[in-house]
Amino acid sequence: MSIIYKAALLWLVVVSGFCSLSAEADTDPCFQAVHQNKVSCQIYKYDKVNFHFRDRMDVEQKVLAKRVWSKQSGKLLHVDYDFEVHCHPQLNCANTNSLTTTVLWAFRNAVLENLLYTATYLPCDPLDGQSCLDAGKAQLSAASEVAESTLAKQSTHRKKESSVNKTELVTTTLDEVMRNSRNGSEFLQQSTERVFVDMPKFAYAEANTGSYIVCQLLESGSCQPVKGRLTYSGRSGYAEFSHNQGQDFNKGLHNFLWNFFVENRAAICSEEMKCDFDKGCSIHMSCETP
């Protein structure tokens, strides 16, 4: 099963035994693609980089860092993180709070110990097929559930790891929060106070290939389905939802869908949103990836 939780510092995504935490640059609206051509935003430079760390069970976890730099000083100003987390028996992915604090604490430890690294996959040497076979076995021993696509990739490619300095991925503010935290719960609390973390509001679960169910995350930890449908084939997508939760709910759902299509899949969308006086609202989005 796959679930993606969206939040301001954290997005949590679970996909085929994976889980993810992600972030949106609320403290720097210029990070959003729609604003980057504005004159006021051209003092910044934006990029993205994938990196990895290992949790306390030595299972590899993957993160996408979306970075904002000052063009004048070269200083790292802001980073959003999307965590793609491998679930395993020692990592409780069924409990959102436990998952968040456990993954963040493992990330914090890896940062402070300078154990972050990038991974690239190179074609296997046809004269040495054993290297790819060993890589596949190592991955299977590290986690009980591994996506088939990952195994297929590793069967034809070998992984090369390169260490990366934390100053390229962590701001001084977040580094200070990490150093002053004594456990995962304290790290999450300090991040909330210092780095403006919001709790997730919506999630999606893949029902079939290219078809998704969207639900609202409740304080109880359950996820209440939103009536409608969400599809994406790789080149085109469609969203159609209706509810009686009012305009604020509709705006939040729209932002979630916008990130699904535009921010994460670089799609171009046409859309229609409306609400009546009885809080009955709907959203329609039709999207194409160029």
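Where a number appears in this text, it was derived from the coordinates with a stated rule and is not lab data. Computed from a predicted structure; not experimentally measured. Glycine gets a Cβ as well: all are built from the backbone with ideal geometry, and neighbour counts include every protein chain shown.
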Estimated FRET transfer efficiency (ARG235, CYS215; beta-carbon r; R0 45 Å; 0.05)
0.95
What nm value, rounded to one decimal, do you get for the distance between SER242 and LYS279 when each label is placed 7 Å out toward the C-beta?
1.8
Let's test the formula: R0 of 25 Å, r as the Cβ-Cβ distance of SER162 and ASN183. What FRET efficiency results, to the nearest 0.05?
0.25
Across every pair of different alpha-carbon atoms, what Kirkwood hydrodynamic radius in Å does segment 210-288 reach?
12.9
FRET efficiency estimate (nearest 0.05) - Cβ-Cβ, ASN92 to GLN224, R0 25 angstrom:
0.70
Once LYS75 and ASN255 are pulled to full extension, the length gained, defined as 0.36 nm per residue separation minus their Cα-Cα distance, is 61.9 nm
For segment 210-288, calculate the relative contact order in percent as a whole number, restricting contacts to Cα pairs under 8 Å that are 6 or more residues apart.
29
How far apart, in nanometres, would the label points at ASP47 and ASP175 be if each is projected 7 angstrom from Cα along the Cα-to-Cβ direction?
1.8
